[in-house]
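Note sheet for the following structure.
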Amino acid sequence: MTTTTYMAAVHLLSICVLIFSLHITPSLAVGEDVHLIEFKESLKDSSALDSTWIKGTNPCDRRKAWQGIDCSDTEYKAVSAILLMNLGLSGVSENLDIDALRNLQSLRFLSLENNSFSGPMPEFNRLSSLKSLFLSGNQFSGEIPPGFFEPMGSLKKLHLARNKFSGRIPDSLGKLNNIMEILLQNNEFSGPVPVFEQKTLQTIDLSYNKLQGEIPQSMSRFPAKAFEGNPDICGSVISKDCNHPEANTNASSPGDKANEANESGSMTKWVILAVVVAVLLVTILFKAKKKDENFTVLGKENLDEVVQVHVPSTNRRSMSSSSSRRGGNYNDSGSRSSKRGSQAGKSTNDLVVINEEKGVFGLPDLMKAAAEVLGSGGLGSAYKAVMANGVTVVVKRMRDMNKLNKDAFETEIRKLGRIRHRNILPPLAYHYRKEEKLLVTEFIPKGSLLFLLHGDRGIAHAELNWPTRLKIIKGVARGMGFLHTEFANYELPHGNLKSSNILLSPNYEPLLTDYALYSLISNTHSVQALFAYKCPEAVLYQQLSPKSDVYCLGIVILEIMTGKFPTQYLNNQKGGTDVVQWVRQAISEGRVAELIDPEIANTTSSLEQMEKMLHIGATCTESDHEKRIEMREAIRNIEEVQV
């Protein structure tokens, strides 16, 4: 072979290799639709995915996005995340097609949170490249083998909360060198508290299980709230002594009698001290009632008893907020931890802290705080309190909340305190007395959606463009999906959804408040102040159901899309716009485009998507609740709307 011939052959071979590589490299993602469909078909109920998971299409095509699928941001995109939260999916773990997921070589993030999966822990440990595995809020059960997590050396975040796992916490979790978060709360794990010595581990929650014995000293770097709800554990971190000396049964010696005398004298001192404390508490409560007379009214949000910065049933004891209504910073964390206060098991006249992340304060601190009235609504009065240490909170004095006894009331409030969702504002603290209930929550400087839509036509309103409004609607829908999963057995999982109860973080992430109060309110007149009572079936037949929340969601959607203040918010029905009737008539006459708020109507490239959202709002406000769509279907339709 001559040199020329040899060079020609080499050149031809190079071209063939190049052509082959051009065809092969993209194939990294080829077939991923097939594997995803195989996984979908292994589910018992996957109807929420039917409209977007279509075989033969590209899961990574953003123009026709597959719901819950995210792809790596590389030249040749491949599925990197499967995010199927709050979709009503179900399946038995033994039937899940793990092999299909193993074929997704770039998969790093898997979330099936808040669905209805059941059975033992699926073999997700075969997905050895996973970095995040979120399975909270399902019905998985049984023991997890001790060495289950050994193959998952890349795992950084593991969320298994709110399931029915039992047995010992797997030892292999202590061998994950990259782990950062372990959330195992609200299960039935038993046995000793494990030792996790990884320096990478930043967050752990073992609360509300059945763990036993002493908390290892090496675990004392984690807060006490990580261990609460385990009555059989002890240790310095939770201020519970592990020593239980046996009581003396022998006859008392002279020394013993002397000790008994000393103890008797000491007991007398404690009784006197208790009387003094009781007098002080009575004085404080008396001043609390007098305090209202000194508050100055904000006077900015008086729309027929609609409280704009509204914080009813959510309480927390510490928060970082600015005292300005517009300024200040808000830590928009996607997860918030909750904790039973150190006094939760005692009958006191003080506040019970549910979350201590931003500090602890009591009723005396609130009484000394500079405060102002935010407004008064059907459920009570709301006050903003700026305390001496800079913490700003909202305190709501609740009316007619005596439907449950103290123990049942505290159980319900603590359920709210354990909520972790980026679109839900959980409680900080509460104060319980038979005559009065106080609920404390975080003050959000930007205020409510109602205020931004109708109370100020300035800069804030100008920022409510179409992408921002769509973000708010989707955030509200996801929060509602979480509540309807978490409180699926409640007649009204939210019950009071309206724009005044949707607060906005600095980046316009919505935060739902005033939820899950229906079971707490006793007085008929007061309970009817809940916005769910404005839905047609409640007005006409005094009937309520989870679909009443769907109606409320529809009102919020129509309000956001039209920019009109709904007359449904007003008790006297005078003023505002009947958005339901107005939208229904415009749709029947083919004038949907005229409904869109002029502030966003100029986004001509998205008019079709805006009209689609208006149709969803109209469907949610169907007057016949039997024909009204379910919350799950409403959320699925909302998620399909694009910018």
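The values are calculated or read from the model by the stated rules, or taken from the named source; none is laboratory data. Not measured: the values here are computed from a predicted model. Note: ideal-geometry Cβ built from the backbone for every residue, glycine included; neighbour counts use all protein chains shown.
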Spot the failing condition for residue 149; the list is (1) in a loop (DSSP other than H, G, I, E, B); (2) modelled with pLDDT under 95, and only one is missed. (2)
For residue 400, are the conditions met, namely being within 17 Å of residue 514 (Cβ to Cβ), outside any strand (DSSP E or B), of a type in the set (Asp, Glu) and outside the structural domain of residue 513 (by TED's automatic domain parsing)? yes
With respect to residue 500, determine if the residue is surrounded by 24 or more Cβ atoms within 10 Å (Cβ to Cβ), closer than 25 Å to residue 381 by Cα and not β-branched (Val, Ile, Thr). yes
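One line per residue, one yes/no per condition, for (1) over 24 Å from the mean Cα position of the chain (by Cα); (2) at pLDDT 95 or above; (3) more than 17 Å from residue 625 (Cα to Cα):
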| residue | (1), (2), (3) |
| --- | --- |
| 520 | no, no, yes |
| 524 | yes, no, yes |
| 528 | yes, no, yes |
| 532 | no, no, no |
| 540 | yes, no, no |
| 567 | yes, no, yes |
| 574 | yes, no, yes |
Please work out which residue is surrounded by the fewest Cβ atoms within 10 Å (Cβ to Cβ), limiting yourself to segment 97-134 and to residues that are out of contact with any strand residue (DSSP E or B) (no Cβ under 6 Å at 6 or more places or on another chain), within 24 Å of residue 633 (Cβ to Cβ) and modelled with pLDDT of 90 or more. 115
Count of segment 42-83 residues which are surrounded by 19 or more Cβ atoms within 10 Å (Cβ to Cβ), modelled with pLDDT of 90 or more and assigned to a loop (DSSP other than H, G, I, E, B): 2
With the first residue restricted to segment 363-374 and required to be assigned by TED's automatic domain parsing to the domain that holds residue 431, and the second required to be assigned to a strand (DSSP E or B) and surrounded by fewer than 16 Cβ atoms within 10 Å (Cβ to Cβ), Cβ contacts under 9 Å at 6 or more apart or on different chains are 371/296; 372/296; 372/297; 373/296; 373/297; 374/297
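Name the helices (runs of 4 or more DSSP H) wholly within segment 581-643 that hold at least 1 residues that are more than 26 Å from residue 67 (Cα to Cα)? Walk me through it before giving the result.
Working: elements: 598-601, 607-620, 631-640.
Where helices (runs of 4 or more DSSP H) fall fully within segment 581-643 and carry at least 1 residues being more than 26 Å from residue 67 (Cα to Cα), they are 598-601.
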Residue among 155, 184, 160 that is in the same structural domain as residue 117 (by TED's automatic domain parsing) and over 19 Å from residue 138 (Cα atoms): 155
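Pick out the one residue from 186, 209 that is polar (S, T, N, Q) and surrounded by fewer than 22 Cβ atoms within 10 Å (Cβ to Cβ).
That would be 186, the only listed residue that is polar (S, T, N, Q) and surrounded by fewer than 22 Cβ atoms within 10 Å (Cβ to Cβ).
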Of these, 400, 407, which one is of a type outside the set (A, V, I, L, M), free of Cβ contacts under 8 Å to residues at least 12 places away in the same chain and more than 25 Å from residue 446 (Cα to Cα)? 407
Out of curiosity, is residue 445 crowded, with 19+ Cβ neighbours inside 10 Å, more than 21 Å from residue 362 (Cα to Cα), in contact (Cβ under 8 Å) with a residue 12 or more places away in the chain and of a type outside the set (Phe, Trp, Tyr)? yes
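Please go through segment 351-367 and give me each residue that is among the charged types (D, E, K, R) and at pLDDT 75 or above, ordered by number. Even if it seems obvious, please write down each step before you answer.
Start the filter on segment 351-367 by keeping residues that are among the charged types (D, E, K, R), which leaves 356-358, 365.
Within segment 351-367, 365 is the sole residue that qualifies.
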